[in-house]
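Below you'll find the structure, written out as structure tokens, and then a few comments.
The values are calculated or read from the model by the stated rules, or taken from the named source; none is laboratory data. Since the structure is predicted, the reported quantities are computational estimates derived from the model, not experimental observations. Neighbour counts run over all protein chains shown; Cβ positions are idealised from the backbone, glycine included. These accessible areas exclude ligands, DNA and RNA; they are computed on the full protein's heavy atoms, side chains included. Shrake-Rupley method; radii C 1.70, N 1.55, O 1.52, S 1.80 Å.
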Amino acid sequence: MSATETLSLAEIEDLALRALMAAGTSRENAAPLARATAMTEADGVASHGLAYVPIYAEHVTCGKVDGQAQPQVSRSRPGVVTVDAATGFAHAAIDLGFEHLILMAREQGVAVLAIRNSYNCGVLGCHTQRLAQAGLMGIGFTNAPASIAPSGGAQPVLGTNPFSIAAPGPDGQVMVLIDQSASAIAKSEVMKHAREGRPVPEGWVLDATGNPTTDPEAGLKGTMVPAGGYKGVGVALMVEMMAAAMTGALLGSEASPFSGPVGGPPRTGQFFIAIDPGATSGGGYADRMGALVASVRAQEGARLPGDGRAAARARAEQAGVAVSTATLSRVRALLPPRD
């Protein structure tokens, strides 16, 4: 078992903030990403947490991300807000957009946010969850550089392309959080295995010739396996339509990779829909949603999407998070030497 060090969520956020700023990111851009990093670690999704900070820093240094970007917001229609991320971090653009999206959805019943010229937004569910905590049904889409081949094809044209839906409950609770990619596993998990020199389970990736492999490096040069075969490809297409076509962002087949220094800014996109349940359900949302959740919880051993993250978060808030010492060494190496 690899060595770990336990950090509080505040310590994780502070470490990520200082590392990002040391790489040339403004505090305004680094702060939302640092908060999301701590939230991701709390949710038990280590592949998108501190382990990703050195990649973020590398991309600021090489110019794939503008650490000093100033996202621009506009309102093209009464229920539509758009943000040009200006090739900066997605998190700052999402924060800016949410300031408008939440108010608009509460006023009008439904509103949408389209983000272009963006970048990897990390764990998509971290963002839709915030909409649910604001009392709104939050739906999100984000496209990624191509790594999935279409049905019957062999060349990647679609990204792992996650979508997420977060359902609000009473008092800011999140009743259900669905967050899944179009691939059998998130690509970041394959990258994590490659960094650690560990094989991946069969069924995650294919090599460049289209054959199954357990070698993560070969898989990263090949394609990701879509979840559910052609159904996963359909999900990837849906997300591509929403996050790229509907926002004016680059397609996954045009975007540069989210890993390594090759290529310029990926300029991918995000699309969010926020809905006030009171505007659509005739007052029946709380009863129907409660009954739906109860029907699952009534079965011994059954669980809802998001239960695992909620349990991990509760533990993290009480006892902190055990972070790999190897990951911490890579992140701390980004910090300037102490006087």
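Which whole-number percent is the relative contact order of the chain (Cα, under 8 Å, 6+ apart)? Intermediate values should be presented prior to the final figure.
Details: 775 pairs, mean separation 78.3, N = 339.
RCO, the chain: 23 percent.
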Taking a spot 7 Å from the Cα of Ser329 along the direction of its beta carbon, which residues of the stretch 171-203 have an amide N less than 18 Å from it? 192-198
Quantify, in whole percent, the carbon and sulfur part of the accessible surface of the chain (1.4 Å probe; protein heavy atoms only). 55
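Which loop-located trypsin sites (Lys or Arg not before Pro) does the stretch 187-240 contain, where loop means any DSSP state but H, G, I, E or B and the Cβ has at most 13 other Cβ atoms within 10 Å?
Working: sites: Lys187, Lys192, Arg195, Lys221, Lys231; in loops: none.
Listed in order of number, the matching sites amount to none.
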Report, in debye and to the nearest 20, how large the dipole of the stretch 184-298 comes out about its Cα centre when Lys and Arg carry +1 and Asp and Glu carry -1 on their Cβ. 140
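Net charge near Pro265: determine it from the other residues with C-beta under 10 Å of the C-beta of Pro265, scoring Lys and Arg +1 and Asp and Glu -1.
Numbers: positive: Lys64, Arg267; negative: Asp66.
Within the 10 Å Cβ shell, the charges total +1.
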Is any residue of the stretch 232-268 close enough, with backbone N under 11 Å, to a label point placed 7 angstrom from the Cα of Ser151 along the Cα-Cβ axis, and if so, which? 232-235
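Please state the relative contact order of the stretch 1-72 as a whole percent: Cα pairs under 8 Å, 6+ residues apart? Intermediate results must be reported in sequence, preceding the final value.
Values: 65 pairs, mean separation 25.0, N = 72.
Worked out over the stretch 1-72, it gives 35 percent.
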Along each principal axis, Cα extent of the stretch 252-339, largest first, Å: 58, 40, 28
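Provide the gained length on full extension for the span Ser8 to Asn211, in nm with one decimal, where the gain is 0.36 nm per separating residue minus the Cα-Cα distance.
Working: separation 203, 0.36 × 203 = 73.08 nm, distance 4.26 nm.
Contour length minus Cα-Cα distance gives 68.8 nm.
Can you check what the net charge comes to around Asp95, using other residues whose Cβ is under 10 Å from the Cβ of Asp95 (Lys, Arg +1; Asp, Glu -1)?
0
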Dipole of the stretch 283-339, positive direction: furthest Cα of Ala294, Ala314, Thr327, with charges on the beta-carbon: Thr327
Which shape class applies to the stretch 177-276: rounded if a/c is under 1.5, otherwise prolate when a/b exceeds b/c and oblate if not, where a ≥ b ≥ c are the square roots of the Cα gyration tensor eigenvalues? prolate
Using only protein heavy atoms and a 1.4 Å probe, report how much of Leu250 is accessible, in Å² to the nearest 10. 50
Quick calc of log₁₀ I(q)/I(0), the chain, Debye, one scatterer on every Cα, no solvent, q values 0.11 1/Å, result -0.72
Hey, which aspartates and glutamates would be in cross-link range of Lys231, C-alpha to C-alpha under 17 Å, not counting anything within fewer than 8 residues on its own chain? Asp179, Glu240
Anisotropy class of the stretch 125-231 from Cα gyration tensor, a/c 1.5 cut: prolate
Taking a straight Cα-to-Cα line shorter than 30 Å from Lys64, and setting aside same-chain lysines fewer than 8 residues away, one finds Lys187, Lys192, Lys221
Considering the chain as a Gaussian network with a 10 Å cut-off on Cα pairs, which listed residue, His193, His100, His127, attains the greatest mean-square fluctuation? His193
What number, rounded to the nearest 500 deg cm²/dmol, is the helix-based mean residue ellipticity at 222 nm of the chain, given -39500 (n - 2.57) per DSSP H run of at least four residues and division by all its residues? -12000 deg cm²/dmol
State the extension gain, in nm to one decimal, for the chain segment bounded by Arg106 and Ala286, taking 0.36 nm per residue of separation less the distance between their alpha-carbons. 63.1 nm
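Would you mind calculating the gained length between Ala311 and Ala245 on full extension (0.36 nm times residue separation, minus the Cα-Cα distance), in nm to one decimal?
On the way: separation 66, 0.36 × 66 = 23.76 nm, distance 3.61 nm.
My answer for the length gained is 20.1 nm.
Just the Kirkwood number for the stretch 169-216, please: inverse of mean 1/r across all distinct Cα pairs, in Å, one decimal. Display every interim value, and only then the final one.
On the way: mean 1/r = 0.0780 Å⁻¹.
Evaluated on the stretch 169-216, it is 12.8 Å.
Just the ratio, please: alpha-carbon radius of gyration of the stretch 1-89 over 2.2 N^0.38 Å, N its number of residues. Walk me through the numbers on the way to the answer.
Values: Rg = 15.1 Å, N = 89, 2.2 N^0.38 = 12.1 Å.
Dividing the Cα Rg of the stretch 1-89 by 2.2 N^0.38 Å gives 1.24.
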If you bin every alpha carbon distance in the stretch 68-186 into 5 Å steps from zero, what whole percent lands in each bin? 2, 12, 19, 20, 19, 14, 9, 4, 1, 0
